[in-house]
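I have placed the structure first, in the form of structure tokens, so that the comments after it can refer back to it.
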Amino acid sequence: MSQQNNLKQGENTDSPTGEAFPRTSLLFLTYKPRSTMEVTKTAQLPLQLHGQLITPQSPEYATARQVFNGMINKHPALIAWCATVDDVVTMVNYAREQHLPLAVRGGGHNAAGSGVCDDGVVIDLSGMKRIDVDAQKQTVRVEGGCLLRELDAKTHEYGLTVPTGINGTTGVGGLTLGGGLGYLTRQCGLTIDNLLEATVVLADGRVVNASATEHEDLFWAIRGGGGNFGVVTSFLFRAHPIGTVVAGPMLYELADAKAIMQWYRTYISDAPDTINGWFAFLTVPPGPPFPEHLHLKKMCAIVWCYSGPAEDADTVFGPIRAMKTPALDLVGPMPVPVMQGLFDALYPPGLHAYWKADFVRELSDEAIDIHLRHAAQLPTMLSTMHLYPINGAAARVDNQATAWNYRDATWSMVIVGFDADPANDTLITNWTRHYWQELHPHGAGGAYVNFMMDEGEDRVRATYGTNYDRLATIKTKYDPANLFRVNQNIRPR
């Protein structure tokens, strides 16, 4: 099956470097893998693409192979900047026929770097950015190369919002396939709870629609099962009439962190759906909007998002402020796109990052004490720990309704060592691992797949729990040879 991508003038025609896509016509490419294994054959690639092919000899290669996490350093044999669904089909067929590893890149934000691979093919969707909003139906169709900031900017024109993540630089595709956790999770559910259908290129090259009425098993699996089942070239989302929120961080002294966490664990468990707040340990950046006396100080914070009636905001935040006066209170009304980009400048692409994560049901006093010990030793200015609530609306979906298996957890926790200097890789990795190892016995078992590094099959099984066997069955049906394995992999039976 073939689909043509109907482009509006000025849309979807640019490569990630900003250059217009030259049509690649019957281009024959010969390459040899970087592997030290003996290579006895080379592969030739005759293609006709609407997009552009990048090889290790291309001037764009060094930039094109980079992903958000600068700690990932992989060298693919080919990168295809796809412009149409047909381009994606061509590259899927090629990778399958040549028995090559295949990675799919939407925004490239994945912690483990699953948007790139060594000695294989990368399908880069970042040239596919069409967004169509149906304001009357309150739905949005989004191509797989869009970033959250692009989606937010478009839907905001109509006073609508799709519940997504917390960074505007994140790709819509990877975030959604992993579940989709962010500012509006308590209010509107996970991103997958707002997914109505998806267009998927399967391992055999077929293009199918997955929804509640078509390929229902595939639709179930892609809602949390990651990129295991195909290349999703477009998503249809339900949008919500949310345009402006009352949001922002409240910062507290680290000496008050235990009392804040004890209060927070009770408050967020019983809070109305209209308010969300994620907890963080952080080092205050040395610049505006932070006052000079707080610069480089280790503190804790709750980053709030209230989406109810604006006239009720003071009533909602009054008891929060009365509980403990923040050392810095930056909560105020703001458009959703502004909220989504609050921390983008702090975390630009290319930082080195090491991630560890867990789902958490209860935040005990013992766990809080472990948090405090490691928070006092944040190794670099950008290293952090976050607790994202996944209760409220997200918890009222059954564990078996989608592939996501931890609806009964209260938080998704992530610990990340961040730094711009590769010389600090060992420092941030060790801090993150030791922190996580002490806390893991207090967790629920698995973790949010978008927060995981390459941690092996046991961690993947723990993450999907009782849903794993069903996922493996669906994987066997749609990808029996495990072509889509550069991910948190679910092996076919």
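The values are calculated or read from the model by the stated rules, or taken from the named source; none is laboratory data. This is a predicted model, so every value here is computed, not measured. Please note: Cβ atoms are built from the backbone with ideal geometry, for glycine as well, and neighbour counts cover all protein chains shown. Protein only, heavy atoms only, side chains kept; ligands, DNA and RNA dropped before computing areas. Shrake-Rupley method; radii C 1.70, N 1.55, O 1.52, S 1.80 Å.
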With respect to the numbered conditions (1) open to solvent by less than 10 Å² (accessible area, probe 1.4 Å); (2) in a helix (DSSP H, G or I), which one is the sole condition not fulfilled by F237?
(2)
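Is it the case that segment 263-278 has a residue that's over 25 Å from R407 (Cα atoms) and open to solvent by less than 10 Å² (accessible area, probe 1.4 Å)? Working first, answer last.
Here is the first cut: in segment 263-278, the ones over 25 Å from R407 (Cα atoms) are none.
No, because not a single residue in segment 263-278 is over 25 Å from R407 (Cα atoms) and open to solvent by less than 10 Å² (accessible area, probe 1.4 Å).
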Do we find a residue being assigned to a strand (DSSP E or B) and either without any contact (Cβ under 8 Å) to a residue 40 or more places away in the chain or crowded, with 16+ Cβ neighbours inside 10 Å (or both) anywhere in segment 370-385?
yes
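Kindly indicate whether D458 is touching a His at 6+ places or on another chain (Cβ under 6 Å) and either of a type outside the set (A, V, I, L, M) or farther than 21 Å from L190 by Cβ (or both). Don't jump to the end; show me each part of the working.
Values: touching a His at 6+ places or on another chain (Cβ under 6 Å): no; either of a type outside the set (A, V, I, L, M) or farther than 21 Å from L190 by Cβ (or both): yes.
Answer is no for this residue.
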Scanning segment 402-428 residue by residue, the ones that are within 27 Å of A367 (Cβ to Cβ) and free of Cβ contacts under 8 Å to residues at least 40 places away in the same chain total 2
Return the residue satisfying two criteria in turn: it lies in segment 147-171 and is among the hydrophobic types (A, V, I, L, M, F, W, C) and farther than 16 Å from P349 by Cα, and of such residues it is surrounded by the fewest Cβ atoms within 10 Å (Cβ to Cβ).
A153
Taking the stated definitions as given, is G182 assigned to a loop (DSSP other than H, G, I, E, B) and either under 12 Å from T402 (Cα atoms) or in contact with a strand residue (DSSP E or B) (Cβ under 6 Å, 6 or more places away or on another chain) (or both)?
no
Of all residues being hydrophobic (A, V, I, L, M, F, W, C) and surrounded by 24 or more Cβ atoms within 10 Å (Cβ to Cβ) in segment 126-145, which is nearest to G113 (Cα to Cα)? Just the residue, please.
M128
How many of the residues in segment 284-310 are out of contact with any Gly (no Cβ under 8 Å at 6 or more places or on another chain) and either surrounded by 19 or more Cβ atoms within 10 Å (Cβ to Cβ) or aromatic (F, W, Y) (or both)?
7
Could you figure out which of (1) in contact with a helix residue (DSSP H, G or I) (Cβ under 7 Å, 6 or more places away or on another chain); (2) not in a helix (DSSP H, G or I) isn't true of D204?
(1)
Considering each of E366, E311, E362 in turn, give the residue that is among the acidic types (D, E) and either under 25 Å from the mean Cα position of the chain (by Cα) or not in a helix (DSSP H, G or I) (or both).
E362
Residues being of a type in the set (V, I, T) and either surrounded by fewer than 24 Cβ atoms within 10 Å (Cβ to Cβ) or over 16 Å from the mean Cα position of the chain (by Cα) (or both) - total across segment 183-227:
6
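Would you check which residues across segment 133-163 are in contact (Cβ under 8 Å) with a residue 24 or more places away in the chain and in a loop (DSSP other than H, G, I, E, B) and list them? Walk me through how you get there before you give the answer.
To start, the set of residues in segment 133-163 that are in contact (Cβ under 8 Å) with a residue 24 or more places away in the chain comprises 133, 135, 138-149, 152-153, 155-163.
Scanning segment 133-163 gives A135, Q138, G144, G145, C146, E157, Y158, G159, L160, V162, P163.
Does M250 qualify as being touching a Pro at 6+ places or on another chain (Cβ under 7 Å) and either surrounded by 16 or more Cβ atoms within 10 Å (Cβ to Cβ) or not in a strand (DSSP E or B) (or both)?
Numbers: touching a Pro at 6+ places or on another chain (Cβ under 7 Å): yes; either surrounded by 16 or more Cβ atoms within 10 Å (Cβ to Cβ) or not in a strand (DSSP E or B) (or both): yes.
Here the answer is yes, as M250 does meet what is asked.
What residue, among those in segment 311-366 that are among the hydrophobic types (A, V, I, L, M, F, W, C) and closer than 19 Å to D152 by Cβ, is surrounded by the fewest Cβ atoms within 10 Å (Cβ to Cβ)?
Going residue by residue through segment 311-366, those that are among the hydrophobic types (A, V, I, L, M, F, W, C) are 313, 316-317, 320, 322-323, 327-328, 330-331, 334, 336, 338-339, 342-343, 345-346, 351, 353, 355, 357, 359-360, 363.
Filter once more, so that each one left must be closer than 19 Å to D152 by Cβ: 334, 336, 338-339, 342-343, 345-346.
Values: M334: 17, V336: 26, V338: 16, M339: 25, L342: 18, F343: 18, A345: 9, L346: 15.
Here the answer is A345.
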Considering only segment 1-109, give the strands (runs of 3 or more DSSP E) lying wholly within it that have at least 1 residues that are surrounded by 18 or more Cβ atoms within 10 Å (Cβ to Cβ) and at pLDDT 85 or above.
47-49, 52-54, 78-81, 102-105
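Name every residue in segment 253-266 that is in a helix (DSSP H, G or I) and either among the basic types (K, R) or over 17 Å from G277 (Cα atoms) (or both), in order of residue number. Let's see the steps before the verdict.
Residues of segment 253-266 that are in a helix (DSSP H, G or I), as a first pass: 254-266.
Scanning segment 253-266 gives L254, A255, D256, K258, R265.
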Tell me, yes or no, whether segment 335-354 has at least one residue that is in contact (Cβ under 8 Å) with a residue 12 or more places away in the chain, within 20 Å of K258 (Cβ to Cβ) and of a type in the set (G, A, S).
no
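Being of a type in the set (D, E), touching a residue at least 12 places away in the same chain (Cβ under 8 Å) and more than 27 Å from P101 (Cβ to Cβ) is the filter here, so list the residues in segment 176-228 that pass it.
First, pick out the residues of segment 176-228 that are of a type in the set (D, E): 193, 197, 204, 214, 216-217.
If we keep only those that are touching a residue at least 12 places away in the same chain (Cβ under 8 Å) too, we end up with 193, 197, 204, 214, 217.
Matches in segment 176-228: D193, E197, E214.
So for segment 392-414 (the condition being touching a His at 6+ places or on another chain (Cβ under 8 Å) and among the aromatic types (F, W, Y)), does at least one residue qualify?
Within segment 392-414, none of the residues are touching a His at 6+ places or on another chain (Cβ under 8 Å) and among the aromatic types (F, W, Y).
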Within segment 376-405, how many residues are over 24 Å from the mean Cα position of the chain (by Cα) and among the small types (G, A, S)?
1
